[in-house]
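The numbers here are math on the coordinates, done by the rules we state, and not lab data. Given the structure is predicted, the values throughout are model-derived calculations rather than measurements. Positions of Cβ are generated from backbone atoms using ideal geometry, with glycine treated the same way; all protein chains shown enter the neighbour counts.
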Amino acid sequence: MNEHSIPEDMTQVADRVALMAARGFPVNEDDVIKEALKLGFQDIVDERMEGNYYTVRWDEEFNALQVFGIENSFEGEAKPEEGKPSFIEQFKANSMNAWLALDRAASKIIGR
């Protein structure tokens, strides 16, 4: 794994935390997971759009990944299903299921 790849599971998250700490950048698992989910969801959205037309950002509570279009227009958001834990906690429990949930959310937002 290089430092620019997106961690896809908890093993890669732990590796990233160790790598960053060794380089003098103390981060914790949640920090790395938040960034991985944001970048990964951006990749999913870009792939569905066949280009980089939308921007993905976390909301203030790190609960929903919001999608913005041209001129910062709100297009939609991916948030955990009712009664489910945050995407960060879902990633810790089963990263594959978290990625699948984000893929389904992108499909609903973009319509493809």
Would it be correct to say that Ala18 is within 14 Å of Ser95 (Cβ to Cβ) and of a type in the set (Gly, Ala, Ser)? no
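Of the residues Glu81, Glu89, Glu60, Glu77, only one is over 14 Å from Leu102 (Cα atoms) and of a type outside the set (A, V, I, L, M); which?
Going through Glu81, Glu89, Glu60, Glu77 in turn, just one is over 14 Å from Leu102 (Cα atoms) and of a type outside the set (A, V, I, L, M): Glu60.
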Conditions (1) closer than 30 Å to Ala21 by Cβ; (2) over 14 Å from the mean Cα position of the chain (by Cα); (3) of a type in the set (D, E, K, R); number of the one not met by Lys34: (2)
